[in-house]
Structure formats: structure tokens, C-alpha cells
Amino acid sequence: MSGTAPWPRVIVHADLDAFFAAAEILRRPELRGKPVIVGGRPGGRGVVAAASYEARAYGVRSAMPIAQAARLCPHAVFLPGDHAYYRELSERFRAVLERFTPLVEMVSVDEAYLDLSHAEHLVGPPLAAARAIKRQVREELGLTVSLGVATSRLVAKIASDLDKPDGLRLVEPGTEAATLAPLPVGRMPGIGPKSVERLQRIGVTTLGGLARMPVAVLQPIFGRRAAEVIDRARGIDPRPVNPAREPAKSVGRERTFSQDLTDPREIERVLYQLAERAGRDLRREGLHGRVVAVKLRYRDFETVGRQRRLPQPTSDHQEIAAVATALVARLLEARRAPVRLLGVRVAALSPAAIQLTMFGDDPLRRHRLNHALDDLAARYGAGLVVPGRVMGGA
Ligand SMILES: [Mg+2]
């Protein structure tokens, strides 16, 4: 029976292994094979953000106080964490996943759902596609990822955890309930320690046991969610993968300077970088914006802003930068004083796909070029690909 049933949906849950710790080992290979704990120094009051598998062998777990982790594993290497670096790796992770489908929903920096339904002609059968994802993540990021492949988010999520680290677990259609049945109830997202305890008191310890319970018995524990919890325990979960879970109202970046800016060329360079990031965010979300706004804070904290409506929506950072530069120039004409903070924001957003076909070939080419630039930025860091003019050329 295995492998013969058709897949109504192909959902992949991808979860990088011990992400922050693995990221640190990636740039400090001498840490490989050692217990590494990210989250703070042993004397501090922080909690463990991530622990390498070598540290986990000593009982160290995420969210544990650092002091406790230090008692369990005093010889571990303790690191404070570098979220800008993790963010950058996360973007590269997303970029690899988006080669397989545009239907990628990032649920945290190191975790995503992909919907590969109806994509077999592009990415191959589910198992082959999953192997390709693992290989590309390893080759391009140097990190291992654990995958669960199933017909729903829930089963994919549970499956990705079963063979960690570097796992790959495929749950064939029709075998969902049987796969979940022997697992402890606490494996299901949303069933916390308190519910586990209450279920134990009524004799329910496995997801199979939970799946067989009448709704009325579970109502005191789960309230209105009782019926849904039973469905989930049977592996039924219709929730879609939604790449734009929280549609943004605007995108933008701002930066405060350690030394106030006075040089107009320096100001222009910063505006360009902020516009570049805003443009990248727009393109990543598949959006265009119609209003460009700037914010400027002077040394004495006086804060001023200006905005302009564009003739056409855009995600093109060169256009955003040009408008932002003109707006800031007007502000500086009104008051020329050292600048403490600059911000660029794009608002009045709409889906990009509609705009693309409306304005002929040129915006489309620009759009493709910008995507290529995003790839380069993801690989080599933002700000490397800057037109000559901004670099101080003609
Ligand atoms: Mg993870």
C-alpha cells in the first residue's frame, strides 16, 4: 500500500537543526564537535537560545536558564548570539526554499512550511524533492535541515522532529493516523505540559488514545478546540500554507548613527542602502508600494518627515532611493543641521503581480534584475552591489 495512494497535498515542514549553534559552528569550525551554547555568558541571567547536539547530550535545552546550563555542562563554549548574522542566514534559507515553490511560509528564522502540491513536474516526487531541498541547504548554507513531508502542516511538523538532526521523514497519504498513534500527546503542537498532565489523569498518553476520545470527554480540557484536537490527533489538518501570513501595511528601514551625519554624499549613500533594503522586503513579499516617506531626526532630536505619492507603484530600490534623496534634500534646505537618524518607508502597498504586466517590458526587466540583485545580496551581503554614482563616481 505504501507509496501508491495519490497525494492530495504535499506539505513540507523544514526546520534547521540547532540553528543558532550550528550557525556559530559554521563560522568557527574549531567549535565543531564541542558543546556550544548560545544565549549568554555563564554568569549572566539569560536563557539558552540554542544548544549544539553535543551540549544537549548533557541535558541542556532551549529556554533553560544559562546558569543551569552552565552547571550541567560547565566546559561548554558559551556565546552571546548574533541576530543580524542569523537573520542573514535565514534569508538565504528562505531563498533556497523559494526555488522549489513560491508557497513558502516562514514561521520563524529557522522554520518554514512549503506547499509542493501540483509541483511534481517541476520538483519531482515528494521524496526526491525533499532530498534536493536537504542537499541544496547543505551545499549552499553549510547547515543541516530536518524535513517532514506529509499531506498536512501538522503531520509534516511532527514528522520533521522524528529523525532530527539531519532528518527526513515522509508520511505517506493514508498512514497519517497510524504514524501519529504511538507518539506521546505532548508531541502535538498546542498540547502543553498542563494538558499532558490532565490527559494523563484520564488515561490518555498517546495521540492514538487521544484520537479515540469522545469530544465531550475532552471538552473540559480543550474547550471549544476539543473536536479540532481530535481531528489533529488523527492527522487531519486543512490549514493552508500561507506565504503572506501577515500582510504588511508598509515596509521600511531606519538607522541611527553613532556619529551625526553632515556630508550630503554620505546621507545619499545611507538613503540608498535603506531604499535597497525596503525594495528587497517588498520584492520578497511580492508587493509594490505607491508612497515613499522619509524620516529625519536632527542632533537635537527634532524629527521631521516628508512623503511623496508616485505615479506608479514600485518595488525598485533605485526609484525609491531617488525619491527619498529628493525628499531629504528638501528637508535639509529648510534646516541644515547634523543628522542623527534617517528612515525610508514605502506604503500604500499592493500585490506586485498585477502591476507587472501593466507597464510593458521595461518594469518587468527591472523587476528581474532586482531579483538577481537580491540573490547576490543574499549570498554576499547587502550593500555590495551599488551603482557607480552612489559609490562616488560620476
Ligand atoms: Mg530549528
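The values are calculated or read from the model by the stated rules, or taken from the named source; none is laboratory data. Source: prediction; values computed, not measured. Virtual Cβ from ideal backbone geometry, glycine too; neighbours counted across all protein chains shown. SASA here: full protein model, heavy atoms, side chains in, ligands and nucleic acids out. Shrake-Rupley method; radii C 1.70, N 1.55, O 1.52, S 1.80 Å.
From largest accessible area down, sort SER62, SER258, SER117; use a 1.4 Å probe on the protein chains.
Solvent-accessible surface, decreasing: SER258, SER62, SER117.
Output the 0 to 90 degree angle, nearest 10, between the alpha-carbon long axis of helix 126-141 and the longest principal axis computed from the alpha carbons of the chain.
Tilt of helix 126-141: around 50 degrees.
For an R0 of 41 angstrom, estimate the FRET efficiency from the Cβ-Cβ distance between LEU122 and ARG187 and round to the nearest 0.05. It would help to have the intermediate numbers written out before the result.
Numbers: r = 32 Å, r/R0 = 0.78.
So the FRET efficiency works out to roughly 0.80.
So what does the Cα-only Debye profile of the chain read at q = 0.15 Å⁻¹, as log10 I(q)/I(0), no solvent term?
With no solvent term, the Cα-only Debye profile gives -1.31.
Using only Cα atoms, find the angle between the long axis of helix 361-380 and the longest principal axis of the chain, and express it within 0 to 90 degrees, rounded to the nearest 10.
Between the helix axis and the principal axis of the chain, the angle is about 70 degrees.
Give me the one-decimal Kirkwood hydrodynamic radius in Å for the range 173-237, with the sum taken over alpha-carbon pairs.
Averaging 1/r across every pair of different Cα atoms and inverting gives 11.5 Å.
With the radius of gyration and the Kirkwood radius both derived from the Cα set of the range 19-83, what is their ratio Rg to Rh?
Result for the range 19-83 is an Rg/Rh of 0.91.
Here is the link list: LYS164/LYS249; LYS134/LYS194; LYS194/LYS249; LYS249/LYS295. Which ones come out longer than 28 Å on Cα distance?
Too far apart for the 28 Å limit: LYS164/LYS249; LYS134/LYS194; LYS194/LYS249.
Which order do LEU327, LEU162 take when ranked by solvent-accessible area (1.4 Å probe, heavy atoms of all protein chains), largest first?
Output order, biggest surface exposure first: LEU162, LEU327.
If amide H atoms are built 1.01 Å from N in the plane of the peptide, which residues on other chains or at least 5 residues away come under 5 Å of the amide H of LEU287?
Sorted by chain and number, the residues that satisfy this are ALA352.
Once both axes come from the Cα atoms, what is the angle between helix 264-284 and the longest principal axis of the chain, in degrees from 0 to 90, rounded to 10?
Approximately 30 degrees, to the nearest ten.
Over the chain, what is the relative contact order in whole percent, taking alpha-carbon pairs under 8 Å and six or more residues apart? Intermediate results must be reported in sequence, preceding the final value.
Numbers: 700 pairs, mean separation 52.8, N = 394.
Worked out over the chain, it gives 13 percent.
I need to check one value: relative contact order of the range 1-151, counting alpha carbon pairs closer than 8 Å and at least 6 residues apart, in percent.
The value is 32 percent.
So how much slack lies between TYR85 and GLU266, counting 0.36 nm per residue of separation and subtracting their Cα-Cα distance, in nm?
62.7 nm
If you count only protein heavy atoms with a 1.4 Å probe, what accessible area per residue comes out for the chain, rounded to a whole Å²?
51 Å²
Rank by packing, highest mean first: peptides 224-232, 97-105, with packing defined as the count of other Cβ atoms within 10 Å averaged across residues.
So the order, starting with the most tightly packed, is 97-105, 224-232.
About the Cα centre of the chain, how large is the charge dipole given +1 on each Lys and Arg Cβ and -1 on each Asp and Glu Cβ? Please answer in debye to the nearest 20.
In debye, rounded to 20, the chain gives about 900.
With each label point set 7 Å from Cα along the Cα-Cβ vector, what nm distance links ASP163 and ARG28?
It works out to 3.2 nm between the two label points.
Calculate the spin-label point distance for GLU333 paired with SER258, positioning each point 7 Å from the Cα along the beta-carbon direction, and give it in nanometres.
3.5 nm
Could you tell me the center-to-center distance, by alpha carbons, between the range 1-64 and the range 253-330 in angstrom?
If you average the Cα positions of each part, the centres end up 37 Å apart.
For LYS134, LYS34, LYS249, what's the largest-to-smallest order of accessible area, 1.4 Å probe?
Values: LYS134 25, LYS34 90, LYS249 180 Å².
Result of the area sort, largest leading: LYS249, LYS34, LYS134.
Stretch MET64-GLN200 to full length: gain in nm at 0.36 nm per residue minus the Cα-Cα span?
Stretched out fully, the MET64 to GLN200 stretch lengthens by 46.5 nm.
Short version: ³J(HN,Hα) in whole Hz for each residue of the range 29-46, in order, from phi by Karplus 6.51 cos²θ - 1.76 cosθ + 1.60 (θ = phi - 60°), x for Gly and Pro, what are they?
x, 5, 7, 4, x, 9, x, 10, 10, 9, x, x, 7, x, x, x, 10, x
Could you work out the relative contact order of the range 19-83, using alpha carbon pairs under 8 angstrom and six or more residues apart, expressed as a whole percent?
The value is 36 percent.
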